[in-house]
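Colleague: Got a structure for you, questions after.
The values are calculated or read from the model by the stated rules, or taken from the named source; none is laboratory data. None of the values given here were measured: they were computed from a predicted structure. In this analysis, Cβ positions are derived from the backbone assuming ideal geometry, glycine residues included, and neighbour counts consider all displayed protein chains. Just so you know, the surface numbers come from the protein's heavy atoms only, side chains and all, with ligands and any DNA or RNA stripped out. Shrake-Rupley method; radii C 1.70, N 1.55, O 1.52, S 1.80 Å.
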Amino acid sequence: MADTLTFYTNPMSRGRIVRWMLEEVGQPYETVVLDYATTMKGADYLAINPMGKVPAIRHGDVVVTEAAAICAYLADAFPAAKLAPPSGDKLRGPYYRWLFYGAGPVEAMASNQGLGVVVPEDKRPMVGYGSREQVMDTLEYAVSRGDYLVGDSFTAADLYLGAQIGWGLQFGTIEKRPAFETYTARILGRPAAARARQIDDDLIAAAKQAS
């Protein structure tokens, strides 16, 4: 697709996940770095994402927000990268399952864990993830069945869920189980992941020098 691909982000945000996805896709893209207190809340960006949050992408005249949705969109928009099972393939089922398990239960659990919110046992049916223990066990099941979540190849589901697990291990919202550490070492060791980290780390370093 010849449409310009523009990436709106901040290097200290979930935009790091999308940066990695863009590096895996391997297509040229423009980066617009936004500041939390100013440009992210400015009229120009609010016209793109009324939430005033990053990440977001614009692909031609298509705007996509939410990191998991962006990953899913990019995988389908650039099928040559082979980051999703083909349309109609039965592997699309588990692919969607684990991609959106990361965006739903894992994200909600990690947010509550980070905020120190403990859901009372009698209220667990009200939250989509049930309990932290259930999420940990389900994640361990997911990453222990093979090298990748879907079939025998890396997909956007691995990228998104792997990023979530890696972030959680770093900040304590995910338990340090051997299965998680083995899986993230494999996933985060990909060349595109290393390139993405370097780009965003360099942006952070440059911002600190300028301040």
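Colleague: Sorted from largest down, what three extents in whole angstroms do the Cα atoms of the chain have along their principal axes?
Modeller: Over the chain, Cα extents along the principal axes are 44, 39, 31 Å.
Colleague: While we're on this one: Gaussian network model of the chain, Cα springs within a sub-10 Å range: biggest mean-square fluctuation belongs to which of G114, G26, G88?
Modeller: The residue with the greatest mean-square fluctuation here is G88.
Colleague: Can I ask one more? Based on C-alpha coordinates, I'd like the Rg and Dmax of the range 1-80, in Å.
Modeller: 11.8, 38
Colleague: What's the longest piece of the chain with no exposed trypsin sites (Lys or Arg not before Pro), counting a site as exposed if DSSP puts it in a loop and it has at most 13 other beta carbons within 10 Å?
Modeller: Between exposed loop sites, the widest span is 1-81.
Colleague: Something else now. Taking 0.36 nm per residue of sequence separation and subtracting the Cα-Cα distance, how much length would be gained by fully extending the chain between R97 and M12, in nm to one decimal?
Modeller: So the chain would gain 27.9 nm between R97 and M12.
Colleague: Between M51 and A207, what length in nm is gained on full extension when 0.36 nm per residue of separation is reduced by their alpha carbon distance?
Modeller: Separation in residues times 0.36 nm, less the Cα-Cα distance, equals 53.8 nm.
Colleague: Leaving out ligands and nucleic acids, and using a 1.4 Å probe, what accessible area per residue does the range 94-211 come to in Å²?
Modeller: So the range 94-211 comes to 53 Å² accessible per residue, rounded to a whole number.
Colleague: Tell me, what HN-Hα J-couplings in whole Hz come from the Karplus equation 6.51 cos²θ - 1.76 cosθ + 1.60 at θ = phi - 60° for each residue of the range 6-21, using x for Gly and Pro?
Modeller: Coupling constants for the range 6-21: 10, 10, 9, 7, 9, x, 10, 7, 5, x, 4, 5, 5, 4, 4, 4 Hz.
Colleague: So which chymotrypsin sites (Phe, Trp or Tyr not before Pro) in the range 1-108 end up in coil per DSSP with only 13 or fewer other C-beta atoms within 10 Å?
Modeller: Y36
Colleague: I've got another one for you. For labels at K176 and A108 in the simple 7 Å Cα→Cβ model, what's the distance in nm?
Modeller: Going by the 7 Å Cα→Cβ label model, 2.9 nm.
Colleague: With all protein chains present, how much of the accessible area of the range 83-146 (probe radius 1.4 Å) comes from carbon and sulfur, to the nearest whole percent?
Modeller: Heavy-atom surface of the range 83-146 belonging to carbon and sulfur, 1.4 Å probe: 55 percent.
Colleague: Still on this structure: Kindly provide the helix-only [θ] at 222 nm of the chain, computed as the sum of -39,500 (n - 2.57) over DSSP H runs of four or more divided by all residues, to the nearest 500 deg cm²/dmol?
Modeller: -15000 deg cm²/dmol
Colleague: Per residue, how many Å² of accessible area does the range 1-86 show with a 1.4 Å probe?
Modeller: Heavy-atom accessible area per residue stands at 48 Å².
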